[in-house]
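Values in this text are rule-based calculations from the coordinates and carry no lab data. Only a predicted model underlies this, so the values are computations on that prediction, with no experimental measurement involved. Quick reminder, even Gly has a Cβ in these numbers, built from the backbone with ideal geometry, and neighbours come from all protein chains shown.
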Amino acid sequence: MLPEDRADLLYFRYDGGGVVIDGPSMLVRKSIGEHVSVSANYYIDMVSSASVDVETSASPYEDERTQANVSVDLLHGKSTYTLGYVNSDESDYKAKTMFASVSHDMFGDLTTISFSFNHGQNEVFRNVKENGVVANDPAFKEEMESRGYSVGLSQIVTKNLVLSGQYEVITDEGWLNSPYRSVRFFIGTDQQGQQPEIYPNTRSSNAASIRAKYFLPYRAAIDAMYRFYTDTWGVVGHTAELGYVHPLDTAWVGGNWIFEGRVRYYTQSAADFYMDIFPRADYSNFMARDKELATYNAITAGVGATYEFKIERFPWLSKGQVNFRYDHMMINYDDFRDARYSLGSFGTLPDEPLAPGTEPLYELRANIYQLFFSAFF
Amino acid sequence: MRIRGLLVLPVLALAATGCSSIEPWVKPYDRENLADPIMVFTRAPISQDFLDHVFESREGSRGATGGGGGGCGCN
Amino acid sequence: MSARTVKGIVKGIALAAAFVLPAFATSSSGPAPAFKLSGRGGKSIDLTQFKGQVVMINFWATWCGPCRQEMPLLEDIYKKYKPMGFTMLAVNVEPDPKAAEAWLGKLAKPVSFPVAFDVDSKVSKAYNVAGMPSTVFVDRKGNVRVMHKGYKTGDENFYLTQIRSMLKE
């Protein structure tokens, strides 16, 4: 069956590690006849960044990323064919992705098998500040390409249990790092220097996930997920998530409430060419200090509430929802140090700079807020 | 990468299941709980897409975050 | 390479689909399995009480979208053909009749045909209900003639064709 018709309007805010990103996201999905469904999403990230990397190497910046996404679903018998396109634009990164997938219901509608493919072509630019004006450096333009293939299987196991598994392979080729980031290295035993990071120009990854959702007899649902990730850069990641959804029939107040709680645990081991501080300059042919490739543990816990209602005056609205969701993310890095203790912040050294390599390990705490309205028709 | 060969295999295996003598064990008239709106994996795609993006831009892992299935199986 | 891979994937799916495409309407023969269920308003509903009439049995549930969508059409069909020896018989397959009673009570166009509650799914099993909704046409002699799975806009034309031809017998 085609996905249901809906319109959503979201306001989100991410606040953590010196970075604030907020913005709107709008989604509309509408079926045309009984075989076609179209969807469009428009999303804006307004970034205000003074992250720990930015503090130790550049000046605070503001940027805006706009993403537009359109897709079409075609239902033919028991199969659904999907075709879509995503365009993402920010001042120094332009990404275009096309995706296609097929899914097929079989075996008395107990089993759904799906295949999907995506292909992205991105352009990387570098912003420089001249006379107080930020613009792309005309001498810098790089490209990268990404291809992903996935196969998924969803299986109804009992009248109360659904299982779903997915395997995805992604290959990136081209310029895969950041034009702004550097790595650091020891000079002697207590001094440090910085040089631009150097990444391989290919990256191939495999990810396999399994998820389960179980209906509890008093009308609630519990779900669990596990994903295993590995790639040719040596990153190994484990993701585990547990969730609980609890509806309350409070029709006597004019609507119903749905509450949700979720805990996500993520752990990763660093890429082969990652080091917080290299023993010397030009240590190896690939060098990275991106905390995204470090060794760390993260826990994200979230709660959500949805109020669902109908409006007599609008019979075409089959239901409306007001949703709120709060997540708290905690990341503790095992091999990424807070270099502000030695390098200072935006070029200003600390009063008593620590020796490089002795700074405390970095910890990130972030608050994520979402407020969104959904209309179903 | 022998992706093409790999992907055709599970399809044929499942096609064979379709013609075997195993009957679907959850009958269409028993799908009440599975059809409950709280039983979808993703209640709000707009919110899930945003969170997936938050995690993917801070983690080294990517992929295998989607998935469907379940539901009422009507029609 | 990528275009060929996608084509290969699609061909694989088409091959699998060829093996598992369902039949939407099956012709069956044989007597319609007898049943006696309690119905709406506490009344008892027995299939044998409709012998001599053309009976359209519709298996439905409140949680099934297409079932809810087709209900007003079933009421129209019932009203039109009842005088000619036809009856509609809706069989609700939910274990608790409360949800069905509540939903029927709130309808803008109430149904006037009998509704029975198959709380332990015995009748659904006896009729091999293989999709929701399922519609079974039983002739005046009490034999099952056609079974139709699912409901899509326009299926009511198929229903009318079956009813008219069976009423002539």
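Quick look at the numbers
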| quantity | calculated |
| --- | --- |
| For region C:23-167: rounded, prolate or oblate by the Cα gyration tensor [a/c cutoff 1.5] | rounded |
| Test item: Cα-centred dipole of the protein assembly as shown, Lys/Arg +1 and Asp/Glu -1 on Cβ, debye | 3760 debye |
| Formal net charge of residues neighbouring residue A:223 (Cβ-Cβ distance under 12 Å; K, R +1; D, E -1) | +3 |
| Global geometry of region A:262-317, whether rounded, prolate or oblate, following the gyration tensor of its Cα atoms and the 1.5 cut on a/c | prolate |
| Ordering of C:63-69, C:152-158, A:212-218 by burial proxy (mean other Cβ atoms within 10 Å per residue, highest first) | C:63-69, A:212-218, C:152-158 |
| Length-normalised contact order for region C:23-167 - Cα pairs under 8 Å, 6+ apart - percent | 35 percent |
| Neighbourhood net charge (12 Å Cβ-Cβ; Lys/Arg +1, Asp/Glu -1) for residue A:317 | +1 |
| Sites residue A:351 and residue A:190, calculated FRET efficiency, Cβ-Cβ separation with R0 25 Å, nearest 0.05 | 0.90 |
| Region C:111-169: C-alpha gyration tensor shape, a/c 1.5 cut-off, then a/b vs b/c | prolate |
| Cα Rg, Dmax, region A:236-360, angstrom units | 23.7, 72 |
| Distance histogram for the protein assembly as shown (every C-alpha pair counted, 10 angstrom bins, percent rounded to whole numbers) | 3, 14, 23, 22, 16, 10, 6, 4, 2, 0, 0 |
